[in-house]
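The values are calculated or read from the model by the stated rules, or taken from the named source; none is laboratory data. This is a predicted model, so every value here is computed, not measured. Here Cβ is always computed from backbone atoms with ideal geometry, including for glycine, and neighbour counts include all displayed protein chains.
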């Protein structure tokens, strides 16, 4: 995938570009945007073509960005692209969102594509989704540990959908601190008559919340809240993989599980113990 600017930067002349289009070596997808040799594009290729067609500084956004971030599926054929440029006439199939505010801090790269950050994507969705669909998307971001409520509120401030976002966050229960959640999890263990574990002890390079050493079982209290990041997710996944390699089973429980479904939590731990 390449555009006129990229071809000119590589030393191609306008005449050469026209000749390669005529011979089929470049396949025009949008004005000034080409696939090389074929047009059998994956969805990511269509997204990139749409961004390139919109011009410098554009980014995949809204429902298309949500699909790229795996926040929600989309069946729309139109591709959402946000740009600060005015008067852009989009080619067919591209839904242009013009804005005066698209700071660099709200644009990133994912799978090689310029795309709005997760927080900006969620803020944009607040203006185009119904309340229930928005809530489900925020819950999905939380489950993926990509949700940062402060960042979302900052992105959506003074924009359409701000009230809906604030209402949804206000309705969610406040998150327990790590120590509060560990105490609650220990209480679930004690009330179920389960063997008492070691608490905040080390297994190799990691400190774990609860450990039944003989059973090689670890229980982690995840205070998810609204502030976990992709970096936190990566650390947790590495910890789990290393512990699994060393023969430990890791069970993770959120504050909602511990407080709302203690019987399910204790049953999971009991089933994992010998």
Can you tell me which residue in segment 65-98 is surrounded by the most Cβ atoms within 10 Å (Cβ to Cβ), limited to those that are touching a residue at least 60 places away in the same chain (Cβ under 8 Å) and over 19 Å from residue 123 (Cα atoms)? 94
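Condition first: touching a residue at least 40 places away in the same chain (Cβ under 8 Å) and outside any strand (DSSP E or B). Now tell me which residues in segment 99-124 satisfy that. Walk me through it before giving the result.
Taking segment 99-124 as the starting set, the residues that turn out to be touching a residue at least 40 places away in the same chain (Cβ under 8 Å) are 102, 106-107, 110-116, 118, 120-124.
Within segment 99-124, 102, 106, 111, 112, 118, 120, 121, 122, 123, 124 meet the criteria.
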Of the residues 111, 170, 141, only one is modelled with pLDDT under 95, under 27 Å from residue 42 (Cα atoms) and exposed (fewer than 12 other Cβ atoms within 10 Å of the Cβ); which? 111
Given the residues 147, 181, which is the only one that is touching a strand residue (DSSP E or B) at 6+ places or on another chain (Cβ under 7 Å), surrounded by 15 or more Cβ atoms within 10 Å (Cβ to Cβ) and in contact (Cβ under 8 Å) with a residue 60 or more places away in the chain? 181
Quick check on segment 57-64. Is at least one of its residues without any contact (Cβ under 8 Å) to a residue 12 or more places away in the chain, over 19 Å from the mean Cα position of the chain (by Cα) and assigned by TED's automatic domain parsing to the domain that holds residue 148? no
Of (1) in contact (Cβ under 8 Å) with a residue 60 or more places away in the chain; (2) assigned to a loop (DSSP other than H, G, I, E, B); (3) surrounded by fewer than 16 Cβ atoms within 10 Å (Cβ to Cβ), residue 159 fails just (1)
Residue 155 vs. criteria in contact with a helix residue (DSSP H, G or I) (Cβ under 9 Å, 6 or more places away or on another chain), within 25 Å of residue 49 (Cβ to Cβ) and not assigned by TED's automatic domain parsing to the domain that holds residue 237: no
Could you please let me know if residue 28 is at pLDDT 75 or above and either surrounded by 13 or more Cβ atoms within 10 Å (Cβ to Cβ) or in contact with a helix residue (DSSP H, G or I) (Cβ under 9 Å, 6 or more places away or on another chain) (or both)? no
Which one is nearest to residue 181 (Cα to Cα) among residues in segment 248-274 that are in contact with a strand residue (DSSP E or B) (Cβ under 8 Å, 6 or more places away or on another chain) and in a helix (DSSP H, G or I)? 255
So which residues in segment 253-262 are surrounded by fewer than 15 Cβ atoms within 10 Å (Cβ to Cβ) and either without any contact (Cβ under 8 Å) to a residue 40 or more places away in the chain or not assigned by TED's automatic domain parsing to the domain that holds residue 195 (or both)? 260
Taking the options 160, 192, name whichever one is more than 16 Å from residue 256 (Cα to Cα) and at pLDDT 90 or above. 192
